[in-house]
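Here the structure comes first, spelled out in structure tokens, and everything after it is commentary.
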Amino acid sequence: MSVYLKDYHYSLPEEKIATFPLADRSSSKLLTYKRGAIGHRIFRELANELPPKSLLVFNNTRVIPARLIFQKPTGARIEVFLLEPSQPSNYEQNMGAHGSCAWHCMIGNAKRWKSGEIEVPEIDLKATRVEDEVTFRWSADISFSELLERAGRIPLPPYIHREVEESDKERYQTVYSKHEGSVAAPTAGLHFTDELLTELREKGFREDFLTLHVSAGTFQPVKADTPEDHPMHREQIIITQKNIEALLSSDSVIPVGTTSMRTLESLYWFGVKVLHGETDFFIPKMYPHEGPPDVSKERSLQAVKTHMHTLSVETLIGHTEIFIFPGYQFRICSGLITNFHLPGSTLILLVAALIGDDWRKVYAEALAHDYRFLSYGDSSLLIP
């Protein structure tokens, strides 16, 4: 099946893009798509729309204040955008570091900073660079996480054309966020409140949490003609024994957001790799489309479980570039809760992989019913 990215565009008027969240997280609109039938609800009614006894899988990553504004002695303003930790490379260890650490970064106004030291004098934070790796040094007896809280800014998506406000520190996080590392929120989860999560538990729905630290690649426009030519950013994922047990005991698995979906499907393909004698937990973007013949969900997950038992570990840290586009067959996920995405983006391709050409019907319906789009916008429940 040939996939051409030009076929996954639609017209998104600027006024449909939500620039602020609603006052009440769960009062957003919810478009339901169930095997071709479309309905309209409010998000707090989600429990009435889910398949019975579904397992909801959430991404509990936490957005870090990843934008740092430095100044050169000449007065030039340099913006450093954190992408991925390099020294130490473990997110938790890096965020807990004292005195120094290093990250791979995007650098704004980079031509003004080719060498030498830049600083944020108010907090005695200094930085040097070698290509895209920036080393940070500070004298205060605080962790890098605490330093970012003092000096960093929340990285709102580039399509939200306004300055960050104090309220974004809370509202651009899910209520269940836990592990620091993302530079973009898993926005499908922004609609959940503690009250809604309690209601879902009381009505017999199960929940589980995994971690994918979202990279800046989530905002990267697709400029290539075909998926094979589009570069995917590598993202870190964290899986536990508890995740595998929950998946093995569930027939209906509904990921909350595309990040949870990509993590779950990557876990399946890691199991396939283990069964073929490969234990490197890295899923290249085209591996699911070119890899070995697939096996059952149960056999794949059991292989990962056995591998973890052999290593005597409760947690696995891996990386994925998985690219899900039309033609992909889902191995673990039964549906998806997700917001409405940018035209021609990798996330539109993922939605089209799940519900086929009906993605156009869903998006046309959302536009016609005045849904709010993108990160701070409304939600959808998609059951193919």
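Throughout, read-outs are computed from the coordinates displayed, never taken from laboratory work. Quick caveat, the model's predicted, so the values are computed rather than measured. For neighbour counting, all protein chains shown are included, and Cβ atoms are generated from backbone atoms with ideal geometry for every residue, glycine included.
A few points about this structure:
- Full extension of the chain between residue 74 and residue 294 yields a length gain of 73.4 nm, computed as 0.36 nm times the residue separation minus the alpha carbon distance.
- Using θ = phi - 60° and Karplus 6.51 cos²θ - 1.76 cosθ + 1.60, couplings along the range 371-384 (whole Hz; Gly, Pro as x): 6, 8, 9, 6, 4, 8, x, 7, 10, 9, 10, 10, 10, x
- Of the trypsin sites (Lys or Arg not before Pro) found in the range 158-229, the ones in coil according to DSSP and having at most 14 other Cβ atoms within 10 Å of their Cβ are 162, 178, 203, 223.
- The lysines whose alpha-carbon is closer than 25 Å to the alpha-carbon of residue 305, local same-chain residues fewer than 8 away aside, are 53, 178, 242, 273, 285, 297.
- Computed helical MRE - 222 nm, the chain, DSSP H runs ≥ 4 contributing -39500 (n - 2.57), nearest 500: -7000 deg cm²/dmol
- Taking other C-beta atoms within 10 Å as the exposure proxy, 232, 261, 95, 286 rank 286, 232, 95, 261 from fewest upward.
- Length-normalised contact order of the chain in % [C-alpha pairs under 8 Å, at least 6 apart]: 24 percent
- Shape analysis of the chain based on the Cα gyration tensor places the equivalent ellipsoid semi-axes at 33, 25, 21 Å, largest first.
- Ordering of 344-351, 57-64 by packing is 57-64, 344-351, highest average first (other Cβ atoms within 10 Å, averaged per residue).
- Modelled FRET efficiency - R0 35 Å, residue 370 with residue 198, Cβ distances, 0.05 increments: 0.70
- In a DSSP loop and with at most 11 other Cβ atoms within 10 Å, there are no chymotrypsin sites (Phe, Trp or Tyr not before Pro) in the range 354-384.
- Packing, as the average of other Cβ atoms within 10 Å across residues, places the peptides 154-160, 236-242 in the order 236-242, 154-160, highest first.
- Distance (nanometres) between label positions extended 7 Å along Cα→Cβ at residue 251 and residue 115: 6.7 nm
- Sequence ranges 96-105, 320-329, ranked by mean other-Cβ count within 10 angstrom, highest first: 320-329, 96-105
- Cut-off 19 Å (backbone N to label point 7 Å along Cα→Cβ of residue 35), residues of the range 341-384: 354-359, 362, 381-384
- Each label point was placed 7 Å from the Cα along the Cα-to-Cβ direction; for residue 9 and residue 357 their separation is 2.0 nm.
- Global geometry of the range 67-151, whether rounded, prolate or oblate, following the gyration tensor of its Cα atoms and the 1.5 cut on a/c: oblate
- 30 Å Cα-Cα reach of residue 72 towards lysines, excluding residues that sit fewer than 8 places from it in its own chain: 111, 114, 126, 169
- Full extension of the chain between residue 234 and residue 132 yields a length gain of 35.2 nm, computed as 0.36 nm times the residue separation minus the alpha carbon distance.
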